[in-house]
Amino acid sequence: MKTVWDQTRIKGMELKNRFVRAALWMKMAEADGHINEDLISVYEDLAKGDVGLILTGYATISKDEQPNPRMMGIYDDSFIEEYKEMTDRVHKHGSKIALQIVLGGSQNHHPDRDAMKILGPSAVENRVTKVRPKEASIEELGMVADMFADAALRVKKAGFDAVQLHGAHGYFLSQFLTPYYNRRKDQYGGSLENRSRILVQVVEAVRKAVGQDYPVMMKVNYDDFMDPGQGLELEESIEVFKILDRAGVDVFEVSAVNESSGKGLAPAFTRCLKKEKQSYFRDATKQIADAVDAKVILMGGNRNIEVMESVLNESSIEYVSMARPLLSEPNLIKIWEDDPVYSPKCVACNKCWETEPNSCIFNR
C-alpha cells in the first residue's frame, strides 16, 4: 500500500516523501535572470517545510528571449555558482530540488519582447500575446536542442538533483505538438511523430549531456483544451508520452491547458475546494501512468491526504504535486505530518498571480 509519506528513489535521487512542489514563476529574480537572497529563501522555506522534491520556477535557456520578466536564467555558466547556494541550503534540510528549464517562444508576456529573438514552429501569431515568431529553421532547431543540453549540464553542475524540461502550457516545445501553431511541412510537422521530433531531440541531447544516471523530468500537456483539430488531445497525448518515455524521460509531470489557446485557463481553479472535485487531472494521468515506464506525477487540485492516497493506490501514479497551497503555506507538508486531516488555507482565488512578487494575498 502506497502512502504520501513513503521514501522512494528515482535513479540516485532519494526522496523522503511523495510530495512535489510544482513549478511557479515567482517574479523575484533580477532583470537578467540572476537570483538573489529573497528567491533562495523561498526554496529554503519549502525545504524546511519537508517538501520531498521542489521544482523551481522556470529558468530561460536563452539570453535572446525571456517569456516573463524577473524569471530565472540558466543561459550561461555565470549562474552555476549562485545556484549552488540555493541547492546547498535546500539539501541542508533533507529535501531535493530540480530546476525547470524552458524556451518560451511566442508565449511571451515580457514588456521588452519586441526586441527579442522569438522562434516558433511556424510563423503563426500567438492568440494571447499577439507575438508572431520566426519559424525556426532546421539549423536553429539543432541549436535549441544544444541550448537545452548546455543548460541541463549547468543544472547538474550547480548541484540540482534533477532537471525538468518544460514541454507544456504553450511554450516553445509544447507548440510543436499543437496543430494550430505547428503548420510545418517538413520532418517537424504533420504527423504526431514529426510534431514530437524536436522534443525527442531535446531529451536525447539532454541525456547525452547529463549522463544516464541523472534524473531527467518533463512537464507535458495531456490536453490543450482547444477546439477539435487545433490542439493536443488525450488520445494523441498518450502516444506522445510513450514516444518521450522511449526517448529516456525518467519522470513525467502531467499537465493540461495551452496558455496560448485564447480560451482562458481550464479547468476552473476553484473546483478543487470541493473534495469530490480535487485531483482533477487524475483520470487522464492514470491512463498515461499505465502507458509508460517512467514515474508519473499527478498535479492539479491536490489538497487532501485521503484523496491523494486513494489515487496513488488505485493507479500507477507515484507522486503528487501542488503549487498554490505551498505558496500560501510553505510548511504545509510539516503540518500534515502532525495533522493529516488539516485543510490548507489556500482558497484557490488565484490572486497570487496579481502580486509582485508572486505571493499569497492573505500572507501580505
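The values are calculated or read from the model by the stated rules, or taken from the named source; none is laboratory data. Quantities reported herein were computed from a predicted structural model and do not represent experimental measurements. Note: ideal-geometry Cβ built from the backbone for every residue, glycine included; neighbour counts use all protein chains shown. Side chains included, ligands, DNA and RNA excluded: accessible areas come from the protein's heavy atoms. Shrake-Rupley method; radii C 1.70, N 1.55, O 1.52, S 1.80 Å.
Quick notes on this one:
- Taking Cβ atoms as reference points and 11 Å as the exclusive limit, the residues near residue 78 contribute a net charge of -3, counting Lys and Arg as +1 and Asp and Glu as -1.
- Neighbour-limited loop hits for trypsin sites (Lys or Arg not before Pro), segment 56-165 (at most 16 other Cβ within 10 Å; DSSP other than H, G, I, E, B): 63, 92, 117, 130
- Cα principal axis extents for segment 167-217, largest first, Å: 36, 22, 13
- Qualifying lysines (Cα of each under 30 Å from Cα of residue 275; at least 8 residues distant if same chain): 2, 16, 48, 96, 219, 263, 286, 295, 334, 345, 351
- From phi via Karplus (6.51, -1.76, 1.60), per-residue ³J(HN,Hα) for segment 145-150 in Hz, x at Gly/Pro: 4, 5, 5, 4, 5, 4
- Rounded to the nearest 10 square angstrom, residue 138 shows an accessible area of 80 square angstrom against a 1.4 Å probe.
- Normalising the Debye intensity of segment 279-363 to I(0), with uniform scatterers on Cα atoms only, and taking log10 at q = 0.11, 0.12 Å⁻¹ returns -0.35, -0.41.
- Centre separation in Å (Cα based) which lies between segment 95-166 and segment 1-79: 17
- Radius ratio Rg over Rh of the chain, counting only Cα atoms, Kirkwood formula for Rh: 0.93
- Most mobile of 318, 140, 125 in a GNM of the chain (Cα contacts under 10 Å): 140
- C-alpha long axis of helix 234-247 to longest principal axis of the chain, angle in °: 90
- Positive dipole terminus of segment 130-206, leading residue within 144, 133, 176 (C-beta point charges): 133
- Karplus-derived 3J(HN,Hα), 6.51/-1.76/1.60, for each residue of segment 55-61, Hz, glycine and proline x: 9, 6, x, 5, 10, 6, 8
- 12 Å cut-off, amide nitrogen to a point 7 angstrom out along residue 230 Cα→Cβ, residues in segment 177-218: 179-181
- The charge dipole of the chain, taken about its Cα centre with unit charges on the Cβ of Lys, Arg, Asp and Glu (plus for the first two, minus for the last two), comes to roughly 500 debye.
- From the C-alpha gyration tensor of segment 1-82, square roots of 5λ in Å: 28, 13, 11
- The calculated FRET efficiency for residue 63 paired with residue 135, based on their beta-carbon distance and R0 = 25 Å, is about 0.75.
- Counting only protein heavy atoms and a 1.4 Å probe, the chain has 39 square angstrom of accessible area per residue.
- Counting Lys and Arg as +1 and Asp and Glu as -1 over every other residue whose Cβ lies under 12 Å from the Cβ of residue 324, the net charge comes to +3.
- The long axis of helix 282-291 is offset from the longest Cα principal axis of the chain by roughly 70 degrees.
- For segment 57-163: Kirkwood Rh in Å [reciprocal of mean 1/r, alpha carbons]: 14.7
- Carbon and sulfur %, accessible surface of the chain computed with the full protein complex present, 1.4 Å: 47
- Net charge over other residues, Cβ less than 9 angstrom from the Cβ of residue 158 (K, R count +1; D, E count -1): +2
- Residues considered: 253, 354, 14. Largest GNM mean-square fluctuation over the chain, using C-alpha springs under 10 Å, is found at 354.
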